[in-house]
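What follows is calculated from the coordinates using simple rules that are stated; it is not laboratory data. Values in this document were obtained by computation on a predicted structure and should not be read as measured data. When we count neighbours, we look across all protein chains shown, and the Cβ atoms used for this are built from the backbone with ideal geometry, even at glycine.
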Amino acid sequence: MKWFFQNKRIYADYASGTPIDQDVFSAMRPFIQKDSFNPQGLYKESRTVHTALENARRDVARLCGVTDKNVVFTSGGTEANMIAILSLYETVISSIPGTPKILVSSIEHPSVLGVVELLKKRGCEIISIPVTKEGIVDVSFIEKNLDTQTVLVIVMGANNEIGTVQPISRIGRIVRQFRKDTNSLYPYMHSDIVQMGNTHSVQLSGMHVDSIALSGSKIYGPKGSGVWVFQGAISPKSWFSGGTQEFGFRPGTHNVSACIGFARALVIAQKTYKSEYERLLELRKELYAQIQSALPDAVLIGSKKERLPHNLYLAFPNISAEQLVIELDARGVAVSSQSACSTGNGKVSHVLQAITGQDGILQEGIRISLGRNTTKKDILEIARAVKESVTKLYTDRNRFLPYEKNT
């Protein structure tokens, strides 16, 4: 399979963004050039484009196990999270007699935390769900804090920084049982599963969640594409106005090529997610073994077992993550430090703070994330580059280097 992102360097930052698949681009091309008509029109060309758009929606709905009207195309995962949370909140807020409450994990993506902060300013009580030192949410905390004032439970499927996979299916069953016991339609459960589209099923029924967000830029689709998907029993209210596109949830002229590209990318990803999971898991295990053998002081951040197969987040004592990224870049390996979405803001990762509390070694690390183009040869080259880079940084700081015996 060919990609547009190809050169002699090794790309190991797939969690930040994936290169667009050739088949995806081919599916998009007609709607960028020849069929670039507004699907809202009544004339023949517009109707043709509208049919293509709805076929794409149908593909996504089928893969997620919902009806077409439960799929809302967005500009990405960030917007999908925003629309989902605001719309679901608007749906139930009038049914709450007192102060509404949202339970949200402390390691959510900033797109989620930003929206709940907005709702906090509007009078909603926000309860932060703590995580273990391995970055797994405390399920018992959710059980203890669920009450009739709770309108939303928000837990991401897998963390975008440290790769920990959360027990969303278990949490979803708890939420549904609470609704049954209290004879209530809420709370709803929303999950950001942006990092899971390539390696996990996106069926809502299997996850036992009410709402999910996905992004095309993480599944070899176009940047600026995504979806909000919700289960059929919900009749959400739109937070927005100004147009009827996307059932009123996202007014504005459709980016048809992006919608079609997203759907095609999801179809491809869901056909191969099981085999890709196994392939990436073996590569990640080999990479970690290579690095740990050469650099025994390397610290794995997050759960070793409950994590995405393509994610490896490592810290090294007294080594700056940013300096390490720069050293690896000089050796032709592209990785990231914390999440690329927050790189450059000068702040310590809220995810690492949630795990470790105060300042310490785990406050910074590098994220190595693998993808479809990653080979066994790449793994050896990445491991070599990490060893050379860490060794150089220790030497530059005139520190004792315990790795010389492995050289």
- Distance in Å, no decimals, from the C-alpha centre of segment 55-73 to the one of segment 144-166 is 24 Å
- Query: So, counting K/R as plus one and D/E as minus one, what does the shell of residues with Cβ under 15 Å around R279 add up to?
  - Reply: +2
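State the Kirkwood hydrodynamic radius of the chain in Å, one decimal place, computed from all pairs of distinct Cα atoms.
Details: mean 1/r = 0.0450 Å⁻¹.
For the chain, inverting the mean 1/r across all distinct Cα pairs yields 22.2 Å.
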- Query: If you plug each phi of segment 24-32 into the Karplus form 6.51 cos²θ - 1.76 cosθ + 1.60 with θ = phi - 60°, what whole-Hz ³J(HN,Hα) values come out, in order, with x for Gly and Pro?
  - Reply: 5, 4, 5, 5, 7, 3, x, 8, 9
- Message: Quick check: net charge around H254, other residues with Cβ under 13 Å of its Cβ, Lys/Arg +1 and Asp/Glu -1?
- Response: -1
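In segment 1-76, which trypsin sites (Lys or Arg not before Pro) fall in coil by DSSP and have 11 or fewer other Cβ atoms within 10 Å? Mind showing how you got there, number by number?
On the way: sites: K2, K8, R9, K34, K44, R47, R57, R58, R62, K69; in loops: K2, K8, R9, K34.
Here the trypsin sites (Lys or Arg not before Pro) that fit, given the DSSP loop and packing criteria, are K2, K8, K34.
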- Note on the structure: Pseudo-spin-label distance N318 to S94, built 7 Å along Cα→Cβ, given in nm, is 6.4 nm
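Output the pairs from K133/K377; K144/K237; K133/K180; K34/K223 with a Cα-Cα distance over 26 Å in this structure; if there are none, say none. Each step should come with its number before you reach the end.
Details: K133/K377 33 Å; K144/K237 29 Å; K133/K180 32 Å; K34/K223 21 Å.
Those over the limit are K133/K377; K144/K237; K133/K180.
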- Hits in segment 69-88: amide N under 20 Å from the 7 Å Cα→Cβ extension of T244, namely 69-74
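Counting only other residues whose beta carbon sits under 13 Å from that of R367, what net charge do I get with K and R as +1, D and E as -1?
Values: positive: R284, R307; negative: D13, E161, E322, E364.
Spelling it out: positives minus negatives among the neighbours equals -2.
Place a +1 charge on the Cβ of each Lys and Arg in the chain and a -1 charge on the Cβ of each Asp and Glu, then give the dipole magnitude about the Cα centre in debye, rounded to the nearest 20.
On the way: 47 positive and 38 negative charges, 144 e Å.
Dipole magnitude for the chain comes out near 700 debye.
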- Tell me what the chain gives for mean residue ellipticity at 222 nm when only DSSP H runs of n ≥ 4 count, each as -39,500 (n - 2.57), the sum divided by the residue total, rounded to 500 deg cm²/dmol. -13000 deg cm²/dmol
- Message: Once you place label points 7 Å from the Cα toward the Cβ at D68 and N183, how far apart are they in nm?
- Response: 3.8 nm
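Expressed as a whole percent, how much of the Cα-Cα distance distribution for segment 196-291 exceeds 15 Å? Show your work: numbers first, answer last.
Working: 3192 of 4560 pairs.
Beyond 15 Å sits 70 percent of the P(r) for segment 196-291.
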- Message: What does DSSP give for the chain in terms of the percent of beta bridges that are antiparallel, rounded to the nearest 5?
- Response: 55 percent
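Only bridges with both residues in segment 128-284 count here: give the DSSP antiparallel percent, nearest 5. Mind dumping the intermediate values first?
Working: 7 of 13 bridges.
For segment 128-284, the DSSP antiparallel bridge percentage is about 55.
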- Task: Express in % the proportion of alpha carbon pairs of segment 123-271 at distances exceeding 22 Å.
- Result: 47 percent
